[in-house]
Amino acid sequence: MRRGLYLGRFQPYHLGHHQVLKKIVREVDEIIICIGSAQKSHEIENPFTAGERVLMVSRALEECDIKCYVIPIEDIQRNSLWVSHLKSMVPPFEIAYTNNPLVIELLREAGIEVKQSPLFKRNSYSGTEIRRMMLKGEKWEQFVPEKVVEIIRGIDGVNRLKTISQSDQE
Ligand code: NAD
């Protein structure tokens, strides 16, 4: 039994994340997906709640035949304690998948095996770019799984992003 952990903010979950996940499911028996910065929402960089992101990941994963756990995890103020915090929130795992340099460093210092994955179409499969397209009224739907489009439409997510990006100043 080999359990792998995949961590991200998923603001929103996009096809780059999905490509990585489809590779991971071939390498492990069970997968834990951690929704990072769970406490954040309604910000330009973090428009979606942890619950909305749980739904995005869970629905997108329905096509993968694997046991998965989708677990939100809040940030803490001390990086040196973060791995203990993470481990206290998730089932035991043997390997973690991430490209985030801070996360790689913290996990490796704690003796956890880390695997990096190639970046797919980074110019368009990017949360920053997708949020920018949403704000500009450009087409973003082709860069996220169909199930995620439905969820973002269902919560009127693009209008939320546009509203919170407004200033109350003239
Ligand atoms: P992210 O959603 O930006 O990315 C998730 C993963 O997907 C990353 O490994 C990224 O490289 C990969 N990815 C992105 N685009 C891709 C593409 N096109 N193709 C393939 N892969 C792609 O999330 P993140 O920034 O890695 O999330 C890390 C989380 O860990 C954050 O929520 C952060 O706050 C949290 N964290 C917290 C602490 C603390 O609380 N002290 C410490 C470390 C990390």
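The values are calculated or read from the model by the stated rules, or taken from the named source; none is laboratory data. Computed from a prediction, not measured in an experiment: that's the story for all the values here. No Cβ is skipped: glycine too gets one built from the backbone with ideal geometry, and neighbour counts run over all protein chains shown.
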query = Does Glu141 fit the bill of being more than 18 Å from Gly36 (Cα to Cα) and modelled with pLDDT of 95 or more?
reply = yes
inquiry  = Need the failing condition index for Leu119 against (1) surrounded by fewer than 16 Cβ atoms within 10 Å (Cβ to Cβ); (2) at pLDDT 95 or above, just the number.
reply    = (2)
ask   = Which one is nearest to Leu21 (Cα to Cα) among residues in the stretch 67-85 that are more than 8 Å from the ligand (Cβ to nearest atom) and surrounded by 14 or more Cβ atoms within 10 Å (Cβ to Cβ)?
value = Cys68
key: Long-range neighbours under 9 Å by Cβ, at least six apart or interchain, first residue farther than 12 Å from Cys64 by Cβ and in a strand (DSSP E or B) within the stretch 1-25, second among the acidic types (Asp, Glu) and modelled with pLDDT of 95 or more   = Arg3/Asp29; Arg3/Glu30; Arg3/Glu94; Gly4/Glu27; Gly4/Asp29; Gly4/Glu30; Gly4/Glu94; Leu5/Glu94
task = May I ask you to verify whether Ser41 is crowded, with 17+ Cβ neighbours inside 10 Å, in a loop (DSSP other than H, G, I, E, B) and near the ligand (Cβ under 9 Å from one of its atoms)?
result = no
query = Among (1) surrounded by 12 or more Cβ atoms within 10 Å (Cβ to Cβ); (2) within 15 Å of the ligand (Cβ to nearest atom); (3) touching a residue at least 40 places away in the same chain (Cβ under 8 Å), which single condition is Cys64 missing?
reply = (2)
ask   = Is there a residue in the stretch 47-58 that is hydroxyl-bearing (Ser, Thr, Tyr) and within 13 Å of the ligand (Cβ to nearest atom)?
value = no
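Given the criteria away from the ligand (no atom under 11 Å from the Cβ) and modelled with pLDDT of 95 or more, does Glu113 qualify? Quick ask: steps written out before the conclusion?
Values: away from the ligand (no atom under 11 Å from the Cβ): yes; modelled with pLDDT of 95 or more: yes.
Judged against the criteria, Glu113 is a match.
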key: Among residues of the stretch 39-61, those that are free of Cβ contacts under 8 Å to residues at least 40 places away in the same chain and under 21 Å from Thr163 (Cα atoms), counted   = 7
ask   = Given the conditions (1) modelled with pLDDT of 95 or more; (2) touching a Gly at 6+ places or on another chain (Cβ under 7 Å), which single one is not true for Ile44?
value = (2)
